[in-house]
Amino acid sequence: MTEQEAGLRARLVAVGVDLVTQEGVQALSLREIARRAGVSHGAPRRYFPTHLELLSAIAREGFAELGAEVAEELRGGEEPGGGKESPRAQLAALARIYVGFAVSHRGMYELMFRHDLLESNSLGLRETSLPLFNSLADLVSRVRPDVRAPDVAGALWANLHGIAQLWGWGSLQLATGADDVEPLVRAALDAHLGPEPR
């Protein structure tokens with residue numbers, strides 16, 4: 001691939017990222033992405049043989065951004081005294097980042113988890129998305145060595161995903177009267193991990 005081709009491919013993805021951020025998943029047609037990128041409507045097919053491959057490349061950017069936020073938090077989890085934060089505190093930080101990302105990047109978040117729309121086995125999408133779950137499972141195993149971590153991590157992830165989705169729709173605020181998502185995230189952690197030791 002020439003430098004010019006790589007540049008156009010990157011521009012198509014960047015336009016897709018902007019489009020999903022501003023207008024949501026429903027706006028991600030090949031024709032609209034091509035129009036906003038200033039190329040013919042057939043041009044994206046030269047770089048992405050299917051619409052699913054282009055959507056997957058766009059979602060990969062979202063996973064990379066979320067993954068970088070989580071990695072930064074886990075790497076920087078230093079306490080003022082010089083020690084590392086506890087696995088429970090790191091897990092709480094990961095949960096807050098995840099829900100915060102979902103609330104502030106609603107269109108991208110929806111695309112990232114629509115595996116019915118994505119080619120998860122191509123373009124490195126799995127390599128970008130699975131480390132997030134593995135980080136979650138690793139922290140769960142350190143907090144609760146007595147459980148099968150992938151199962152608890154999966155249930156916790158589903159709970160956090162539901163909180164994020166329902167918060168984004170305004171349903172949780174209506175049902176609970178909450179004006180902050182943080183207590184709901186803490187409740188989910190307590191439900192799956194047991195109450196935080198005092």
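Bear in mind these aren't lab numbers, they're just calculated from the coordinates by the rules spelled out. Source: prediction; values computed, not measured. All Cβ positions, even for glycine, are placed from backbone atoms using ideal geometry, and neighbour counts span all protein chains on display.
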_Computed label-point distance, nm, for sites ALA64 and GLU32 using a 7 Å Cα→Cβ extension_ = 2.3
*With each pseudo-label sitting 7 Å past Cα toward Cβ, what's the GLU23-ARG11 distance in nm, one decimal?*
1.8
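Give me the Kirkwood hydrodynamic radius of region 14-109 in Å, from all C-alpha pairs, to one decimal place?
When all Cα pairs of region 14-109 are included, the Kirkwood radius is 15.2 Å.
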*Scan (i) 8, 25, 26, 18, 16, 7, 1; (ii) 9, 31, 31, 19, 9, 2, 0; (iii) 9, 35, 35, 16, 5, 0 for the value of P(r) over Cα pairs in 10 Å bins from 0, in percent calculated from this model and give just the label.*
(ii)
_Please report the spacing between the Cα centers of region 1-41 and region 140-165 in Å, no decimals._
35
*asked:* With 10 angstrom as the radius, rank GLU127, GLU196 by how many other C-beta atoms surround their C-beta, starting from the fewest.
replied: GLU127, GLU196
*Please give the FRET efficiency for ARG198 paired with GLU72, using the beta carbon to beta carbon distance and R0 = 25 Å, rounded to the nearest 0.05.*
0.30
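Kindly provide the chymotrypsin sites (Phe, Trp or Tyr not before Pro) of region 37-118 that DSSP labels as loop, not H, G, I, E or B, and whose Cβ sees at most 14 other Cβ atoms within 10 Å.
Working: sites: TYR47, PHE63, TYR98, PHE101, TYR109, PHE113; in loops: PHE113.
Those that pass, being in a loop and sparsely packed, number zero.
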*Where a ≥ b ≥ c are the square roots of the eigenvalues of the C-alpha gyration tensor, would you call region 1-49 rounded, which needs a/c under 1.5, or, failing that, prolate if a/b is larger than b/c, or oblate?*
prolate
*By count of other Cβ within 10 Å, fewest leading, how are TRP169, TRP157 ordered?*
TRP169, TRP157
_Using a Förster radius of 30 Å, what is the FRET efficiency between ALA89 and ASP116 based on their Cβ-Cβ separation? Nearest 0.05, please._
0.30
*With springs connecting C-alpha atoms under 10 Å apart, model the chain as a Gaussian network and identify which of GLY168, GLY38, GLY67 has the largest mean-square fluctuation.*
GLY38
*Using 7 Å Cα-to-Cβ label points, what is the VAL147/ALA175 separation (nm, one decimal)?*
2.0
*Please sort through the DSSP H helices of the chain and keep those with an alpha-carbon extent of at least 20 Å along the long axis and a Kyte-Doolittle average not below -1.0.*
3-23, 51-75, 87-104, 125-143, 149-169
*Mind sorting ILE58, ILE97 by how few other Cβ atoms lie within 10 Å of their own Cβ, fewest first?*
ILE97, ILE58
*Hey, got the dipole for region 83-198? About the Cα centre, +1 on K and R Cβ, -1 on D and E Cβ, debye to the nearest 20?*
240
*Along the charge dipole of region 1-49, Cβ charges K/R +1 and D/E -1, which of ALA6, SER40, GLN26 sits furthest on the positive end?*
SER40
*Per-residue [θ]222 nm for the chain (sum of -39500 (n - 2.57) over DSSP H runs n ≥ 4, rounded to 500)*: -23000 deg cm²/dmol
_If you filter region 15-111 for trypsin sites (Lys or Arg not before Pro), then keep DSSP loop positions with at most 14 other Cβ within 10 Å, what is left?_
none
*asked:* Can you compute the charge dipole magnitude of the chain about its Cα centre, using +1 on each Lys and Arg Cβ and -1 on each Asp and Glu Cβ, nothing else charged? Give it in debye, rounded to the nearest 20.
replied: 440
